[in-house]
1. So which residues in the stretch A:71-112 are facing chain B (nearest Cβ under 8 Å), crowded, with 22+ Cβ neighbours inside 10 Å and not in a loop (DSSP other than H, G, I, E, B)?
2. Quick check on my filter: what residues within the stretch B:18-69 are polar (S, T, N, Q), within 8 Å of DNA strand D (Cβ to nearest atom) and within 14 Å of another protein chain (Cβ to nearest Cβ)?
3. Residues of the stretch A:57-81 being among the hydrophobic types (A, V, I, L, M, F, W, C), touching a Lys or Arg at 6+ places or on another chain (Cβ under 7 Å) and under 24 Å from B:GLN120 (Cα atoms), which ones?
4. In the stretch A:164-202, what residues are surrounded by fewer than 20 Cβ atoms within 10 Å (Cβ to Cβ) and of a type in the set (Gly, Ala, Ser)?
5. For the stretch A:201-215, does any single residue satisfy the condition of being over 25 Å from the mean Cα position of the chain (by Cα), within 14 Å of another protein chain (Cβ to nearest Cβ) and on the phi < 0 side of the Ramachandran plot?
6. Which members of the stretch A:113-132 meet the condition of being polar (S, T, N, Q) and facing chain B (nearest Cβ under 10 Å)?
7. Working only within the stretch A:216-238, note down all residues that are within 26 Å of the chain's Cα centre (by Cα) and of a type in the set (D, E, K, R).
8. Going through the stretch A:1-48 one residue at a time, which ones are within 24 Å of B:ARG137 (Cα to Cα), under 40 Å from the mean Cα position of the chain (by Cα) and either in a helix (DSSP H, G or I) or free of Cβ contacts under 8 Å to residues at least 40 places away in the same chain (or both)?
Number of protein chains: 2
Amino acid sequence: MIGKNRAPTISQVAIIAGVNRSSVSRAFNRPELLSAQTVATIKAAAESLGYVPNRNARALSTGRHSNIGLIVPDVANPFFPPLIRAAQGEADRSDFCIFLGNTDEDAAQEDKLLTRFAGQVEGVVLASPRLSDDRIREHAARKPLVLVNRDVAGIPRVLIDSGPGIAEAVAHLATLGHRRIAYVSGPGISWSNKQRRIAVRKATTRLGLEMMTVRALVPNFEAGQRTVPDIIATGATGVVAFDDLTAQGILAGLNERGIRVPDDISVVGCDDVLGAATYPPLTTVSNRSSEAGKVAVALLLDILNTRATQDVRYILDTHLVIRRTTAPAP
Amino acid sequence: MIGKNRAPTISQVAIIAGVNRSSVSRAFNRPELLSAQTVATIKAAAESLGYVPNRNARALSTGRHSNIGLIVPDVANPFFPPLIRAAQGEADRSDFCIFLGNTDEDAAQEDKLLTRFAGQVEGVVLASPRLSDDRIREHAARKPLVLVNRDVAGIPRVLIDSGPGIAEAVAHLATLGHRRIAYVSGPGISWSNKQRRIAVRKATTRLGLEMMTVRALVPNFEAGQRTVPDIIATGATGVVAFDDLTAQGILAGLNERGIRVPDDISVVGCDDVLGAATYPPLTTVSNRSSEAGKVAVALLLDILNTRATQDVRYILDTHLVIRRTTAPAP
DNA sequence: CTGTTAGCGCTTTCAA
DNA sequence: TTGAAAGCGCTAACAG
């Protein structure tokens, strides 16, 4: 029988150290209130038992769990792992643990996880939530909440603004002589998608280009690939895709039909999650998801510390990363 | 001031429902012990307050947290997100929450997280741990532990065996008439690399093929791309790469030089982390990291339920996934 | 069926 | 500088 022995408690330490339980507690939290002698004895006793404070019990009495929740729509979407990793690192610096939640892009699941986390976390970071604004506000009213890539007034949020990057991308295409630009959209509910579509619209209008929209139902490789006929139908020579996965699918679909990139058509991705790992290497918009994760956690921790609500709207700018899927219009 | 209101407690519900606190508890955990009437009243009261049981407090009294830990070396390594996602899904089915830990491939960090999780989780899944066997055993003695891709006798573990998949790959190439096979290796220190190289060696020997090894220093796109001249130099018509990232780099490097895949040369990857997202879609060896995550959690949950130690050694075989980078030898 | 009574492991006044 | 006692929110015998 392994793993069945209960962890040593504060009382056991107290007994073998010959002190009261409260002293043991102090030895760990406010050692300056105790004589160096006592602290030493207690630490030694604790050490000998392999005692490690039960964070759970501590939380019950203090209300401070030193846990935060992190909820993402899809762990396996390459946009999120860097964000998760950075969030994790930032939490770690403050001795916080992270509860990870995966919602499968489902609002109901978000709700479920949020309530399941209740009572175990001090606050949560909600990345790209699918929940309605109202529902988000309700949750925020119960517990500190930081949003990533969702712009709800009054709720602290960190937003990756693809605007500048997209504007650069369109300008880049215009410079290369492209006059008809197709935007291949992502999920309709997504804040990012709306933002990107608008950015393309604005840039094309300003530069006097034509813009068409092609709909990809979900942001992934296959969906991108399937949009290729529609893209061809638009007669566009420049394509801006919702994200890199979609762009990669488009690349594949184009290649399949013998349409050369960038000779016949130029393609720009968004989020730079594939690095240079496509062929040809994808021109794309930088994503900064890792910074977003770090900042979101830092913000949450700050709110937790100051116990003050902050209506922060933290913007991370993006820029264009030119690789080899863009070239002069044919 | 948002997010400062304490969550409603069982006592508040009890008061407005006009019952004892224990009845409220029963209404949620053992409703069959109460009259339907009482349950209804209580549920209504709870609902009106927005009461949700505090899992933390429950855990303190029952010893069951319904939380597990999941520790991985690097969230951003594409091998892990599917594992994490599947683990999460499996835990979710049993209403378990997951603490996620990232160790940056660092044994000390593993230790740290393991103790930080103590008292908050019932057990943990350790993926590809860097800790010593002894240390792992110590941790396993305190709390149920399931290992992924680490073979320590006596500790329940799930192992992904790339051997069969690689053997299939080589056989597949042989069937297609390839006689000279190049293995593009991964990092020398890696256990997986060793395992895979040996598998290629064994299969080529058995089938009477020639095998050459080409060294890629790190397993990524650029390194793979840089091996192309060496690959060409070997005169091999079939290539087995350490992993998909390397294979993708090779694809790009080949394409750059006008060498057609699969017409001129066949390429096989390993780990199937890219799905069909390369062009041409990559023939590769399945990795099953997602199943590993699912199985590991299921195993852990089972151990938790039965409260019995099980010396399980769960092997996940791999197989060849034939896509479009392999064809008859020229 | 439902209330009473002890705790779970730890922190935190309040006294001494 | 240390101990005593109350309590965080919930569960679990034990009565009734």
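1. A:PHE80, A:PRO81, A:ILE84, A:ARG85, A:GLN88, A:CYS97, A:ILE98, A:PHE99, A:LEU100, A:GLY101, A:ASN102
2. B:ASN54, B:ASN56, B:SER61, B:THR62
3. Filtering the stretch A:57-81 for residues among the hydrophobic types (A, V, I, L, M, F, W, C) gives A:57, A:59-60, A:68, A:70-72, A:75-76, A:79-80.
From the residues that got through so far, the ones that are touching a Lys or Arg at 6+ places or on another chain (Cβ under 7 Å) too are A:75-76.
A:VAL75 - this is the single residue of the stretch A:57-81 that is among the hydrophobic types (A, V, I, L, M, F, W, C), touching a Lys or Arg at 6+ places or on another chain (Cβ under 7 Å) and under 24 Å from B:GLN120 (Cα atoms).
4. Residues satisfying the conditions are A:ALA171, A:ALA174, A:GLY177, A:GLY188.
5. Residues of the stretch A:201-215 that are over 25 Å from the mean Cα position of the chain (by Cα), as a first pass: A:201-214.
Remaining after also requiring within 14 Å of another protein chain (Cβ to nearest Cβ): none.
No: the stretch A:201-215 contains no residue that is over 25 Å from the mean Cα position of the chain (by Cα), within 14 Å of another protein chain (Cβ to nearest Cβ) and on the phi < 0 side of the Ramachandran plot.
6. Here is the first cut: in the stretch A:113-132, the residues polar (S, T, N, Q) are A:115, A:120, A:128, A:132.
Passing the criteria: A:THR115, A:GLN120.
7. Residues of the stretch A:216-238 that are within 26 Å of the chain's Cα centre (by Cα), as a first pass: A:216-225.
A:GLU222 - this is the single residue of the stretch A:216-238 that is within 26 Å of the chain's Cα centre (by Cα) and of a type in the set (D, E, K, R).
8. Scanning the stretch A:1-48 gives A:ILE2, A:GLY3, A:LYS4, A:ASN5, A:ARG6, A:ALA46, A:GLU47.
The values are calculated or read from the model by the stated rules, or taken from the named source; none is laboratory data. Just so you know, these numbers come straight off a predicted model, no measurement behind them. Glycine gets a Cβ as well: all are built from the backbone with ideal geometry, and neighbour counts include every protein chain shown.
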